[in-house]
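Undergrad: Quick one: the structure is below, and I'll ask about it shortly.
What follows is calculated from the coordinates using simple rules that are stated; it is not laboratory data. Predicted model only: the values in this text are computed from it and were never measured. A quick note on method: Cβ atoms are made from the backbone with ideal geometry, for glycine too, and the neighbour counts reach across all protein chains shown.
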Amino acid sequence: MQEQIEAVQRMQEYIAEHLSEDITLADLAKAAMFSPWYARRIFLEHTGLTPSDYIRRLRLKHSALRLRDEKVNVSDVALDLGFGSVDGYTRAFAREFGCNPKQYALNPTPLTLFNPYGVKYKYIARSNKPMQNTKNIFIKVVFKPERKVILKRGKTATEYWTYCNEVGCDVWGTLSSIKSISGEPVCLWLPDKYIKAGTSQYVQGVEVSAEYKGAVPDGFDIITLPAATYLMFQGEPFAEEDFGTAIQEVQEAIKKYDPSTIGYKWDNQNPRIQLEPIGTRGYIELLAVK
């Protein structure tokens, strides 16, 4: 099983690195170090998609983000991302997102973007490894202006895994399609005043400007958060498979930290914020202070 998982992960990484190029099954088989037939079979088994479907959906995701963020022609996006024709790209975009790419470029609305989770992370135990060597935790004062947050509520979740079980993991794809003032979606632990009866403390959302008048996806809520000062806790870069330990290290540092040493106290009236664990930058949480 582990050999298969590592092979599929290598294929996913190859696709990400060569997305704008012509990717053949022979290329993926070489990355997997298996025969083309076997490489395709295990890719489908572990991702739920054939390699061609996976590549198409990932290209469509990147094309949508380019149309949202850049002033580009639909034809340029289609060709840059390896689609054979503009008509074929337009049909694929409409099937995936239910709208025409030209219309979307003129009026970007929330979409459900494909999230290409690395298969090896599905099999990493949720329990954290024992911490061996103490790592550095960097602390920085960050100011956040008044803003709105478009969010999806769970039921009883207080952390990521329960939230995914309650809501599903595709929420992140929808949030990623909405242009954020912070550059990425966020996870939040909400104070009581922002929690609706029968909903969860832990939510996922995207921060937008206080003047946001755009669409809110069905089943999502929008709240307004006041301007606030935060302490950003950031751990050292980590190997992606060690994300559980990286989270534990930062959260243990937060428990021990006394903000009064720099003239603050905790502000429990504002949400605690968690960013996506990305190994190259280290795990990050933000806690409000006053």
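Undergrad: Just give me the residues in the range 184-240 being assigned to a loop (DSSP other than H, G, I, E, B) and aromatic (F, W, Y), in sequence order.
TA: Y212, F220, F238
Undergrad: Does at least one position in the range 79-89 carry a residue that is touching a residue at least 24 places away in the same chain (Cβ under 8 Å) and part of a helix (DSSP H, G or I)?
TA: Checked the range 79-89: at least one residue is touching a residue at least 24 places away in the same chain (Cβ under 8 Å) and part of a helix (DSSP H, G or I).
Undergrad: Output the qualifying pairs, or none if there are none: Cβ atoms under 9 angstrom, residues six or more apart or on different chains, first residue in the range 50-62 and under 16 Å from G84 (Cβ atoms), second residue surrounded by 20 or more Cβ atoms within 10 Å (Cβ to Cβ) and of a type in the set (S, T, Y).
TA: R59/Y89; L60/Y89
Undergrad: While we're here: Pull up the range 175-193, narrow it to residues that are charged (D, E, K, R) and out of contact with any helix residue (DSSP H, G or I) (no Cβ under 9 Å at 6 or more places or on another chain), then point me to the one that is nearest to A215 (Cα to Cα).
TA: Checking each candidate, the answer is K193.
Undergrad: Of all residues in the range 1-26, which are polar (S, T, N, Q), in a helix (DSSP H, G or I) and under 21 Å from N115 (Cα atoms)?
TA: Hits for the range 1-26 are Q4, Q9, Q12.
Undergrad: If you go through the range 20-43 one residue at a time, do you hit one that is among the aliphatic types (A, V, I, L, M), under 21 Å from the mean Cα position of the chain (by Cα) and within 23 Å of F83 (Cα to Cα)?
TA: no
Undergrad: Separate question: Against the definition (more than 19 Å from Y117 (Cα to Cα), surrounded by fewer than 17 Cβ atoms within 10 Å (Cβ to Cβ) and in contact with an Asp or Glu (Cβ under 7 Å, 6 or more places away or on another chain)), how does A215 come out, yes or no?
TA: Spelling it out, it is not the case that A215 is more than 19 Å from Y117 (Cα to Cα), surrounded by fewer than 17 Cβ atoms within 10 Å (Cβ to Cβ) and in contact with an Asp or Glu (Cβ under 7 Å, 6 or more places away or on another chain).
Undergrad: Given the criteria surrounded by 15 or more Cβ atoms within 10 Å (Cβ to Cβ), out of contact with any Leu (no Cβ under 7 Å at 6 or more places or on another chain) and over 13 Å from G118 (Cα atoms), does A29 qualify?
TA: Yes; evaluated as a whole, the condition is true for this residue.
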